[in-house]
Protein chains: 4
Amino acid sequence: MWLRTVCDLTFDIEVPTPFILMLRLRSGAQQWVAREEYKLKPSIPVFEFTDNYGNLCQRLTAPVGVFAVYTHADIWVADQVDQAPGDPFIEIQYLPDTVLSYLLPSRYCESDRFGQMASDITAGQLLGYDQAKAIESWLRANISYQPGSSNIPMSAVEVNTKQSGVCRDLSHLGIALCRSLSIPARLVVGYLYGLVPMDLHAWFEVFVGGRWYTFDATQPELRGGYVAIGYGRDAADVAIYNQFGPPVHSTQQFIDVQLINENDL
Amino acid sequence: MWLRTVCDLTFDIEVPTPFILMLRLRSGAQQWVAREEYKLKPSIPVFEFTDNYGNLCQRLTAPVGVFAVYTHADIWVADQVDQAPGDPFIEIQYLPDTVLSYLLPSRYCESDRFGQMASDITAGQLLGYDQAKAIESWLRANISYQPGSSNIPMSAVEVNTKQSGVCRDLSHLGIALCRSLSIPARLVVGYLYGLVPMDLHAWFEVFVGGRWYTFDATQPELRGGYVAIGYGRDAADVAIYNQFGPPVHSTQQFIDVQLINENDL
Amino acid sequence: MWLRTVCDLTFDIEVPTPFILMLRLRSGAQQWVAREEYKLKPSIPVFEFTDNYGNLCQRLTAPVGVFAVYTHADIWVADQVDQAPGDPFIEIQYLPDTVLSYLLPSRYCESDRFGQMASDITAGQLLGYDQAKAIESWLRANISYQPGSSNIPMSAVEVNTKQSGVCRDLSHLGIALCRSLSIPARLVVGYLYGLVPMDLHAWFEVFVGGRWYTFDATQPELRGGYVAIGYGRDAADVAIYNQFGPPVHSTQQFIDVQLINENDL
Amino acid sequence: MWLRTVCDLTFDIEVPTPFILMLRLRSGAQQWVAREEYKLKPSIPVFEFTDNYGNLCQRLTAPVGVFAVYTHADIWVADQVDQAPGDPFIEIQYLPDTVLSYLLPSRYCESDRFGQMASDITAGQLLGYDQAKAIESWLRANISYQPGSSNIPMSAVEVNTKQSGVCRDLSHLGIALCRSLSIPARLVVGYLYGLVPMDLHAWFEVFVGGRWYTFDATQPELRGGYVAIGYGRDAADVAIYNQFGPPVHSTQQFIDVQLINENDL
C-alpha cells in the first residue's frame, strides 16, 4: 500500500539548543520512499550522519524563537507484514555479527532480569518465532496498553511492575523477554496506518530464521501499514529527537498517516 | 542557493537485469535535501544500503521492457564553495582513519605513477591547499576539457597521454597527482548549476587543513552550485548506475538543474 | 612502561554454552600490543568480529566439561595518562559523529536523571575538562569504593542511592553525570598496574578538547599503567564475557599485571 | 594444522617516512591466532585502525636510520581449504551488502574489459563455484607462474597480455574474470605453508553459495595451510606496507612458515 506520512514538530526555544533529530525515513526491506520532504523554519545549517544502527540523523542548533520541523513522505509498505510460524531459533554461533548487539541488555530492556519469566511464558513453544509470538500474546493479555499515558520511557522492569504502558513500554518488555531467551530483539519507531489515536508508534522486531520479523502487542493482530523511521536497542537509541541543554518540549506535534493512490505520487 | 535537480533515466531491458543505482542525494556539510522524489516505472521492489563511502545505493532487478527512473530534488547548497589558500598539508600520521583509503592508487587513478610530475607541477608551492590549486590550474591549462567526448572512463595515465577528456577524466588525473603528493583526494559525482551543456558532472575534493575542499578544472573558476550525489576513490566506486549482465545503456537521459526560490519548495 | 598482563578464566560447563568473549587487546592511542597469547583448552573453533565500538570479540560455543581461556600480553602503555586542565567543552554541533552515541543514556547510565546534580557538583567550573575533574573528585569524596563488593553491575541511580560500589559502579555514576552536561563519556574495562587488590578494572573516559581523557575515581590520583581491553557505553556493552543460556560462572579467575623490561619481550 | 609464521622487514630510512603497515593477523572463519608478536626497532609510537575491508592497519612514522619490523604468529588453520563443486551463483539481489563492492572494477582488476573472455572460458559450466574453478584451471594452464619475477603489481589486462606473472598478478586476472561474470571476488595476501620458494603469497577468494571460497592458480591443486593477513579488492588495497614520500624499499625481508605442534604453543 502507498501511504503519506506527516510529522510536524514546533518548539519554543529560549536559548540556542543543540538537537539530534531522526526524521529522515530510509528505504528498507519492505519499505520504499518515493517522495520525501524535510523542511526547517527558520532554515538553518544541518549536518546529517549515519548512526551505529544505520539510522540517518540530523544535527543542528535551534535558534531562539519558534523553531519548526516539517517532514512528509510518500512511501510504499507491505499490505501485510511477513509472519513465519515455526521459523527456527538461530544458534548464537550462526547469528550475523551485526545482530549480536541486540542480544545484550540495554538502558530500558534489562534482559538480565527476565530469564525465568520468559521461560514460563514460552513453555512448550517451538524455539524461535513461536516463542516471540507467545511473548507478544502474553503482553497483549497481561499488560494494559494505554496510549498517551506517559512521556518518559519505562524500562521493562518498570512496565512489568506497573502492568501498563504506552507502545514503547510494551515493546521494551517484549524485547527484554526475547533477549533473555537469546533471541535478538530491537525497537522500531515509526508510523502505523490506522493507529487510533493517531500518533507516532513503536513496536519490536525479533531475529529468527535468518531475518527480522515484526511484532506489536498493542494491536489485536498483526497487519500491514508499518512505516519504520528508526531502529535501535531501545528508546534510548531511537528517539525522533534528542535535545541537549535545558529541557525543551515540542509545543505542537502533528502526526498523520493517509492512504494514497500510486497515481497521486 | 536553492536548486531543483532532475535526473531521469530510461532503459530498454531485454533480460531481467540487476542494477545498483546511486541516485539518492544525501545531506552533507554544505548541502541540505529539503525535498526529494525517487520513482520507478514500473514500480518494483528495491533494497537500499549504504556503501563503504557512505553513499546510499539502491539495488533492484529491472524487468523486461521499458524501465524508467525519475529522481528530483530541491536542495540548498552554498552560493560559493569554500576555498582556503595556505591551508596546510596534514601529515599522514594525523589524518583521520577514514581518509586514509583516499591516499591509495585506485582503478582509474594510478597515483603510483605520477610522483615526479606532481612535484614538478607544484614546485615552490606551500604544502597543502596551494599544491592542489596548482594542480587544478595545470589541468585547466594543459588538458583539454571536451564534454561529451567519451563514455568509458579514462584512467589518469590515459588522460595524461591523450591530453583531453570529460570532467571525470580530468578529475582522475587531478586525484592521481594529489595522491602522489600524499594528499588524500576523491571523486565526486553530482550536478553543477549553470553547467554548459547541462549534464551530470564530476569534480574532485582534496583533504587539507582538516577538511575536504572542492576543485574543478573544467570551469574557469570555482563558484557555488555544486550538488554532490556520491563520493568514491574514482569512477569505479561512484557510478550513478552499475548494471550486471549483458550491457544495457540508457536510451534516454534527462538532466536538469534550476534555481528556485525558497518559497517555492 | 612495558607491562605483562594475564587474564586466565576457567569455567565448568554443564551444557554446550555460547559465549562472546572480549579479551583480545587492541593497540590504540597510548597503547601498543607487542606480544599476545590467546589460548583455549580444549581448542575449539572461534569466530572473531569487531563490534560497534571497535572492540574485537570472540564467539564460540564452550563444550561440556572444564573450559579454560588463557590470555597474556606484553604491552607498552604511557607512564602517565594525559591530563588537560582547562581543555574546553566541545559544542554538540562540532563533535565527531562517532562520539555522539556516548551522549545518550544507556543501560547503567541514566543520564536523563542527573541534570541538576551534575550542575551542582560542577558549579563554577570551566566547561569541559574541569567539569569532569570536579565530578571525579566528587565521586572520590562521596562514593565509597569497595572492591569486590558486588558481581552485578549497578546503575548510576543505584550507585547514587547506595553511596558505594566497585570500580564499574563508580564509573557508571561518573559517566551519567558527565553525559547529563552534554559531555560524551564512556566506560573502559581493562587492567591497572599496581591495583590493590589485583583484579580487572574499570574506569571512564570523557571527550573534551577534541579527544578522550582518562578519569578514575577509585584511585587517589591519576597515574599511568592503564591497559584498555574494551570500550562501550557502559558495562552492558563491554563485558569480558557474555554467556547465553543457563548461567555459568567462572570457577577460577586469575588476573595479573607485572612490570617488564623491554629487553624481556 | 598449527603453523608458526614469520615476517621480518628491515628498512634503511633517509628521511622520516610515514608508513601504513598491514601485518597484524586477525582471526577469521578458518583461522585462529593463538600467539602473536609485533615488535618495532626502534620502538616508536604506532596508531592502529581498522580499514574498510576489516583489516587491522598500523600507522607510524619511521625515524631516520635502520628501522625493523618483526612479526611472528602461532596460528591454527584448516588442513584443507573448503571446496564446493556445484555451489550456486548468487543472484546480485541476494548478495549481502558488504560483498557488493567486490563486484566492481578496481585498480588492478579491470573487470569491465573481460566479459567475452570469461564467458568463453566458462562455457558449459554450472553457474557459480564451477565457473570460478574453470577460471582457476584456465589460469593454471595459460598463464605462466613465475615467482619473484616482478615487484610492481600488474593489472589483469597487463597479465593477460604478458601471459605470465607472480602470484598477485595471476590473482588479479582471476578476480577480473570472475567479476565480469558478476561473481564477487577479492584478493587475499598472506602465507602458504610449503610454498616454494618461501615468500609472502597472494591468492583469491570468490563468493558463491553464500560464502567465500579459496582459489589459487599458482599451485597444482588446492590444499590447506593458507594464512590470511589481509583482504581487499586488489593489491592497491592490501599491501603489507604502504610508504609515503620518497620511495623506500625493504633492504631485508625474511618470511617463514613452519609446522608446529599444538603442545609447543
| request: Shielding by partners for D:25-32, please: the mean number of other protein chain Cβ atoms within 10 Å of each residue's Cβ. | output: 4
| said: In region A:214-244, whose amide N lies under 11 Å from the spot 7 Å out along Cα-to-Cβ of A:Asp82? List them in ranges. | reply: A:214
| remark: At q = 0.32 Å⁻¹, the log10 of I(q)/I(0) for region C:224-265 from a Debye sum over equal Cα scatterers comes to -1.18
| query | How big is the gap, in Å, between the Cα center of region D:136-192 and the Cα center of region A:27-96? | reply | 43
| request: Calculate, for the protein assembly as shown, the solvent-accessible area per residue in square angstrom, rolling a 1.4 angstrom probe over the heavy atoms of the protein chains. | output: 37
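Based only on the alpha carbon positions, what is the Kirkwood hydrodynamic radius of region C:15-74, in angstrom?
Numbers: mean 1/r = 0.0787 Å⁻¹.
12.7 Å is the Kirkwood radius here.
Please tell me the relative contact order of chain C in percent, rounded to the nearest whole number, where contacts are Cα pairs under 8 Å and at least six residues apart.
After rounding, I find 29 percent.
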| What is the average number of partner chain Cβ atoms found within 10 Å of a Cβ in D:105-115? | 5
| query | For the rotation that brings chain C onto chain D, whose beta-carbon in chain C is nearest the axis, and what is that distance in whole angstrom? | reply | C:Glu36, 3
| Shape of region D:151-230 from its Cα gyration tensor (a ≥ b ≥ c, root eigenvalues): rounded if a/c is under 1.5, otherwise prolate when a/b > b/c, or oblate? | oblate
| task | Throw me the Rg/Rh for the protein assembly as shown, computed over C-alpha atoms with Kirkwood Rh, two decimals. | result | 0.94
| query | Summing -39500 (n - 2.57) over the DSSP H runs of n ≥ 4 in the protein assembly as shown and dividing by its residue number, what mean residue ellipticity at 222 nm do you reach, to the nearest 500 deg cm²/dmol? | reply | -4500 deg cm²/dmol
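Quick one: buried accessible area between D and B, total over both chains, 1.4 angstrom probe, nearest 100 Å²?
2800
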| field | region B:174-200 residues near the modelled B:Gln125 label - backbone nitrogen below 15 Å, point 7 Å along Cα→Cβ | value | B:174-186
| request: Describe numerically, in nm with one decimal, the distance between label points set 7 Å from Cα along Cα→Cβ at A:Lys162 and at B:Thr10. | output: 5.8
| request: Note the angle between two axes, namely the Cα long axis of helix A:129-142 and the longest principal axis of the Cα atoms of chain A, as a number of degrees from 0 to 90, rounded to the nearest 10. | output: 70
| remark: One computes Rg over Rh for region A:188-265 from alpha-carbon atoms, with the Kirkwood Rh, and obtains 1.02
| query | Tally Lys and Arg at +1 and Asp and Glu at -1 over the other residues with C-beta under 13 Å from the C-beta of B:Ser149: what net charge comes out? | reply | -1
| request: Please give the helix A:167-180 orientation as an angle from the longest Cα principal axis of chain A, in degrees from 0 to 90, rounded to the nearest 10. | output: 40
| Once the Cα gyration tensor of region C:79-168 is diagonalised, what are the square roots of 5 times its eigenvalues, in whole Å and ordered largest first, as equivalent ellipsoid semi-axes? | 24, 17, 15
| query | Tally Lys and Arg at +1 and Asp and Glu at -1 over the other residues with C-beta under 14 Å from the C-beta of D:Cys7: what net charge comes out? | reply | -3
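Could you work out the local net charge near A:Thr214, counting Lys and Arg as +1, Asp and Glu as -1, over the other residues with Cβ closer than 14 Å to its Cβ?
After counting each charged neighbour, the total is -3.
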| note | Treating only Lys and Arg (+1) and Asp and Glu (-1) as charged, each at its beta carbon, one finds that the protein assembly as shown has a dipole about its Cα centre, in Debye to the nearest 20, of 0
| message | Please enumerate, by chain and number, the aspartates and glutamates with C-alpha under 16 Å from the C-alpha of A:Lys162, excluding those fewer than 8 residues away in the same chain. | response | A:Glu110
| query | Within chain C, what is the longest stretch that has no GluC sites (Glu not before Pro) placed in a DSSP loop and near at most 11 other beta-carbon atoms within 10 Å? | reply | C:15-220
| field | Projected area, mean over directions - region D:1-157, Cα convex hull, nm² | value | 12.4
| note | Note: A:224-234 gets an average of partner chain Cβ contacts (10 Å, Cβ to Cβ) equal to 1
| note | For region C:47-114 (alpha-carbon point model, no solvent) the Debye-based log₁₀ I(q)/I(0) at q = 0.12, 0.15, 0.28 Å⁻¹ works out to -0.71, -0.98, -1.22
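The values are calculated or read from the model by the stated rules, or taken from the named source; none is laboratory data. Note that the structure is a prediction, hence the values are computed from the model and not measured. No Cβ is skipped: glycine too gets one built from the backbone with ideal geometry, and neighbour counts run over all protein chains shown. These accessible areas exclude ligands, DNA and RNA; they are computed on the full protein's heavy atoms, side chains included. Shrake-Rupley method; radii C 1.70, N 1.55, O 1.52, S 1.80 Å.
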